[in-house]
1. What is the percent carbon and sulfur in the accessible area of the chain, measuring with a 1.4 Å probe over the protein chains and ignoring ligands?
2. If Lys and Arg each add +1 and Asp and Glu each add -1, what is the summed charge of the other residues whose beta carbon sits under 12 Å from the beta carbon of residue 220?
3. Ranking request for peptides 202-213, 41-52, 73-84: highest mean number of other beta-carbon atoms within 10 Å first, then the rest in descending order.
4. Please give the FRET efficiency for residue 54 paired with residue 181, using the beta carbon to beta carbon distance and R0 = 25 Å, rounded to the nearest 0.05.
5. Taking the mean number of other Cβ atoms within 10 Å as a proxy for protection, how do you rank 158-165, 241-248, 184-191, 215-222 from highest to lowest?
6. Could you give the nm distance between label points at residue 197 and residue 1, where each point is 7 Å from its Cα heading toward the beta carbon?
7. If you add up the charges near residue 66, with Lys and Arg at +1 and Asp and Glu at -1, over every other residue whose beta carbon is less than 13 angstrom from its beta carbon, what do you get?
8. So what's the gap between the Cα centers of the stretch 205-240 and the stretch 109-127, to the nearest angstrom?
Amino acid sequence: MRIDLHAHSAVSDGTDSPAEFAAAAAQAGLDVVALTDHDTFDGLPAALSAAERLGVRLLPGIEISAQLRGASVHLLGYGCRTDDPDLLAELSRVRGGRDDRVPGVLAALARLGLPVDPAVLARARGDAPSIGRPHIADALVALGYVADRQEAFDRYLGDDGPAFVPRYAVGLGRGIDLVHRAGGVAVLAHPWGRGSRTVLPPATLERLVAQHGLDGIEVDHNDHDAPTRAELGALTARLGVLATGSSDYHGTGKTDHPLGANTTAAEVLAEIDARLAAAGGWDGR
Ligand code: AMP
Ligand code: MN
Ligand code: MN
Ligand code: MN
């Protein structure tokens, strides 16, 4: 079984429509794929019906923008009931924060000599319910300021870049609780990627498990090198939590993260399914 539990469609910052995304999962030979768009469930209905036609199992998911002491961290929620009012209210607040920061980013870019016409950004955003930095990156590419998304992040939009503007995110412990109250399973995304290791040291991960019942940790991810995966894998075993692996596919937005680049063991998915069944979550079937 080939199982990939973290991927994006154009409903957030991927580039495939939900139906194209399901087709890409079938094409990649996946048996199970989770759609985990940032802060929205909007892509799930179309992706689920396309996946069903193609014989791929689609696990409903989400990647929630969270924060710990002000530092950005990402939380994966699997099988959350998509009509949970508390979770929906929080997601709506996060998406509002995404849109509210855009004028500040555009002003910073203009000061840097990179004016962006809002119409260009609107085209880059497409039908996504909220704007992500990758959409702003796409606008910079369209205007010929940079060659690709990565250059846009490296020069301007990254967390230490000159056009970075912070935004609202959910407290991490509260995010885990919201996922659980919606019947879902909570897995911390790429905790030791891109410098976030200092934000999430082992003692903090242990506390999240003890105090909030964090279910799992994404171990096999392209932002983790081999020694990091080994260390994090050992930590998940010690803490008794699930270890997942996934591509974090973004379509053509991140060509080094193809679907199936990392995968999750069948026993781990079986445990996720068991927890969803026990908590009244939604396994997509
Ligand atoms: P946002 O959610 O708007 O803050 O944008 C974050 C998204 O941008 C992430 O989900 C990644 O897809 C992408 N991203 C963040 N940091 C980088 C980076 N340093 N290089 C490339 N892409 C990044
Ligand atoms: Mn992303
Ligand atoms: Mn992420
Ligand atoms: Mn992601």
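1. Numbers: 5970 of 11560 Å².
The nonpolar share, carbon plus sulfur, comes to 52 percent.
2. Working: positive: 229; negative: 4, 218, 223, 225, 248.
Result for the neighbourhood of residue 220: -4.
3. Details: 202-213: 14.9, 41-52: 20.2, 73-84: 22.7.
Going from most to least packed, we get 73-84, 41-52, 202-213.
4. Values: r = 32 Å, r/R0 = 1.29.
Calculated transfer efficiency: 0.20.
5. Details: 158-165: 14.9, 241-248: 24.9, 184-191: 27.0, 215-222: 23.2.
Taking the mean over residues of other Cβ atoms within 10 Å, the ranking is 184-191, 241-248, 215-222, 158-165.
6. According to this spin-label approximation, the distance is 3.2 nm.
7. Numbers: positive: 69, 93, 167, 174; negative: 39, 63, 90, 177.
Neighbourhood net charge equals 0.
8. After rounding, the separation between the Cα centres reads 38 Å.
The values are calculated or read from the model by the stated rules, or taken from the named source; none is laboratory data. Values in this document were obtained by computation on a predicted structure and should not be read as measured data. All Cβ positions, even for glycine, are placed from backbone atoms using ideal geometry, and neighbour counts span all protein chains on display. Quick note on the areas: whole protein, heavy atoms, side chains included, nothing else; ligands and nucleic acids left out. Shrake-Rupley method; radii C 1.70, N 1.55, O 1.52, S 1.80 Å.
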